[in-house]
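Novice: Got a structure for you, written out below as structure tokens; questions coming shortly.
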Amino acid sequence: MTERTEVLQPEPAVALARLLGVPPPNLDTDGLPLLWHWVYLLDRPLQADLGPDGHPVRGVVPAPPAPGRRRMAAGGRVTRTGPLVVGRAATRRTEIVSTTDKTGRSGPLTFVVVRHTLSQDDGVKVIEEQDIVYRDAAPAATPAGSATAATPVPLEADERAFPVDPTVLFRFSALTYNAHRIHYDRDYAHDVEGYPGLVVHGPLQALVMAEAVRATGATATAIDYRVVAPLLHHQGLVVRSPATGSSRRVSVRDHGGRVTANGLVETPAG
Ligand SMILES: C/C(=C\C(=O)SCCNC(=O)CCNC(=O)[C@H](O)C(C)(C)COP(=O)(O)OP(=O)(O)OC[C@H]1O[C@@H](n2cnc3c(N)ncnc32)[C@H](O)[C@@H]1OP(=O)(O)O)C(=O)O
């Protein structure tokens, strides 16, 4: 278990709003929207503790199950039980809930579930279970996807495009203090992990899905999501979200129609 307490400042939320291209939420009255805690209470590992992929190899949970395994964000479940209020101290407790070995179509997988509990003043405000997957190292010469964008599929009425490019990925990495090189270092992403482009963060795709719901005026209180295929920066990002409903099925696809993430967002007021 690790624990971190900090006073929540407005600047990270303002920076995230500018990255996402949305108006900053009214932090005085509404608190942080669902998933916006991802730019707060971050681990700040020593540079000397980073491994070759840019992730820490020690000092924070979870450490990789074995050297050379490739870490990815696979999904998660987040419930916002109350508003995290900016200007006040909050505490994040982090613990590993489970480690499970599976065999997927891509080979051996180790899923590590990490629970974060965020509290402020009078109680728990956010409960998150984050699924991290470790894959075996792919041969560097095997491309994991296409280097060129597919023929664009036109947007449906409940879809909108969110622009992704290297600057968006770099700024999201910086805001979340995530040094994983697949998101900003093209040579590393290609030559070492075999991606013919920069990889879009799973949490960024989840945020775009939650924000698509918030854009309809609803207050999202929970999300359950999976990142099902890597999305590369040149493939485009299209988010789908119904305009109404108390349980909304959301997804992300690339321009060519390949789904890379999906989820269910709860909005009790519909
Ligand atoms: C931040 C951050 C890192 C990142 O953001 S990395 C970029 C975002 N993440 C991704 O791009 C991951 C994309 N997903 C994949 O590449 C594949 O889905 C994955 C995880 C490699 C698994 O594919 P497979 O085809 O090998 O696996 P299967 O579909 O055959 O499933 C095998 C069993 O695993 C379970 N499972 C699959 N996906 C998930 C998931 N997302 N969450 C939980 N469990 C999953 C599946 O149910 C199967 O289980 P059974 O019990 O039925 O065998 C950072 O590092 O911080």
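Novice: What residue, among those in segment 95-106 that are touching a Lys or Arg at 6+ places or on another chain (Cβ under 7 Å) and not aliphatic (A, V, I, L, M), is most open to solvent (accessible area, probe 1.4 Å)?
Specialist: Going residue by residue through segment 95-106, those that are touching a Lys or Arg at 6+ places or on another chain (Cβ under 7 Å) are 95, 97, 106.
Filter once more, so that each one left must be not aliphatic (A, V, I, L, M): 95, 106.
Numbers: Glu95: 58, Ser106: 90 Å².
My answer is Ser106.
Novice: Here's something else I'd like to know. Go through segment 191-214 and give me each residue that's part of a loop (DSSP other than H, G, I, E, B) and of a type outside the set (Val, Ile, Thr). Before the answer, list the steps.
Specialist: So in segment 191-214, the residues part of a loop (DSSP other than H, G, I, E, B) come out as 192-198, 200-201.
Hits for segment 191-214 are Glu193, Gly194, Tyr195, Pro196, Gly197, Leu198, His201.
Novice: Among the numbered conditions (1) farther than 21 Å from Leu41 by Cα; (2) within 11 Å of the ligand (Cβ to nearest atom), tell me where Thr99 comes up short.
Specialist: Only one criterion in (1) farther than 21 Å from Leu41 by Cα; (2) within 11 Å of the ligand (Cβ to nearest atom) is unmet by Thr99, namely (2).
Novice: Further question: Being in a loop (DSSP other than H, G, I, E, B) and modelled with pLDDT of 95 or more narrows it down to one of Tyr177, Tyr188, so name that one. Full working, then the answer.
Specialist: On the way: Tyr188 fails: in a loop (DSSP other than H, G, I, E, B).
Result of the check over Tyr177, Tyr188: Tyr177.
Novice: Another question, if that's okay. Going by the structure shown, is Ala17 of a type in the set (Gly, Ala, Ser) and open to solvent by 40 Å² or more (accessible area, probe 1.4 Å)?
Specialist: Values: of a type in the set (Gly, Ala, Ser): yes; open to solvent by 40 Å² or more (accessible area, probe 1.4 Å): no.
It is false that Ala17 is of a type in the set (Gly, Ala, Ser) and open to solvent by 40 Å² or more (accessible area, probe 1.4 Å).
Novice: Do we find that His183 is in contact (Cβ under 8 Å) with a residue 40 or more places away in the chain, within 15 Å of the ligand (Cβ to nearest atom), within 16 Å of the chain's Cα centre (by Cα) and open to solvent by less than 20 Å² (accessible area, probe 1.4 Å) in this structure?
Specialist: So His183 fails the test.
Novice: Here is a further query. Identify, from the list Val228, Val259, Val199, Val153, the residue that is near the ligand (Cβ under 10 Å from one of its atoms), modelled with pLDDT of 95 or more and surrounded by fewer than 18 Cβ atoms within 10 Å (Cβ to Cβ). Can you show your working first?
Specialist: Details: Val259 fails: near the ligand (Cβ under 10 Å from one of its atoms); Val199 fails: surrounded by fewer than 18 Cβ atoms within 10 Å (Cβ to Cβ); Val153 fails: near the ligand (Cβ under 10 Å from one of its atoms).
The unique qualifying residue is Val228.
Novice: Next question, about the same structure. As an exercise: evaluate Asp53 against (1) touching a strand residue (DSSP E or B) at 6+ places or on another chain (Cβ under 6 Å); (2) outside any strand (DSSP E or B); (3) open to solvent by less than 50 Å² (accessible area, probe 1.4 Å); (4) within 14 Å of the ligand (Cβ to nearest atom) and give the number of the one condition it does not meet.
Specialist: With (1) touching a strand residue (DSSP E or B) at 6+ places or on another chain (Cβ under 6 Å); (2) outside any strand (DSSP E or B); (3) open to solvent by less than 50 Å² (accessible area, probe 1.4 Å); (4) within 14 Å of the ligand (Cβ to nearest atom) applied to Asp53, the lone miss is (1).
The values are calculated or read from the model by the stated rules, or taken from the named source; none is laboratory data. What you are looking at is a predicted structure, and each value in this text was computed from that prediction instead of being measured. Cβ: placed from backbone, ideal geometry, glycine included. Neighbour counts: every protein chain shown. In case anyone asks, the SASA skips ligands and DNA or RNA and just uses the protein heavy atoms, side chains included. Shrake-Rupley method; radii C 1.70, N 1.55, O 1.52, S 1.80 Å.
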